Each structure stands twice: as C-alpha cells, then as structure tokens.
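First comes the structure, then the notes that go with it.
Rule-based calculations on the coordinates, nothing more; no lab input. Because the structure is predicted, anything quoted here is derived from the model rather than measured. When we count neighbours, we look across all protein chains shown, and the Cβ atoms used for this are built from the backbone with ideal geometry, even at glycine.
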Amino acid sequence: MASTKQGDDKATKKAAPRGGISQTVTPSAQLAEVVGSAPITRADLTKKVWEYIKKHNLQDATNRRAINADAKLKPIFGGKDQVTMFEMTKLVNQHVSK
C-alpha cells in the first residue's frame, strides 16, 4: 500500500508545477519583440529565443557557445554585441516578470 501512496504523491507533484522552467512569466516590452507579449512558461520562452537566434543566424560561426546580438537582442543583452549561452539565460531572465 505504501507504493500506491508514493505514486499518488508523484501524480500530485506533476499536476501542480511550482516554479522553474514550468513557471509562467510575462516578457518585458523589449523581450516581447522577440518572443511575443503573451505570458509564457520559462521553457517556451527559452525555446522561442533559440528559434529567433537560429532563424536570424545569430550563433557565432567559430564559437558556437556565443550569440551575436542584433538590434532586437542588444538591449536584452545589456548593450553587449556578443554573449555566451550561459550569460544569455541570465540576461533574458532579467526581462521577465512573474
């Protein structure tokens, strides 16, 4: 019977996501130019940012971990011309509200 209860606990956790990448956020006006203005989960936000990067060929050709900023991404990247993938995540998260 104990295993049934544990199974129920797992189902409950999946039914009610609490945060992290499943958390819904609202993009800032600058970020909305890239991903849209509707509330979106962090997972979908990351997916849309990457779709934008690939569509506009912004991943650096020699250093694939670097992202080159265009006019829409530069304000999100704090004015930098290029950021790493890891910096990008931190910078994008500064442009959302919960």
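Each of His95, His56 was scored by other Cβ atoms within 10 Å of its Cβ. Listed from fewest to most, they are His56, His95. Its Cα centre serving as origin, region 28-97 has a Cβ charge dipole (Lys and Arg +1, Asp and Glu -1) of approximately 140 debye. When you restrict to C-alpha pairs under 8 Å that are six or more residues apart and normalise by the size of region 28-97, the relative contact order lands at 32 percent.
Near Thr41, the amide H atoms lying under 5 Å from its own belong to Val25; only residues 5 or more places off or on other chains count, and H is placed 1.01 Å from N. Remark: the Asn57-Gln23 segment gains 9.4 nm on full extension, using 0.36 nm per residue and subtracting the alpha carbon distance.
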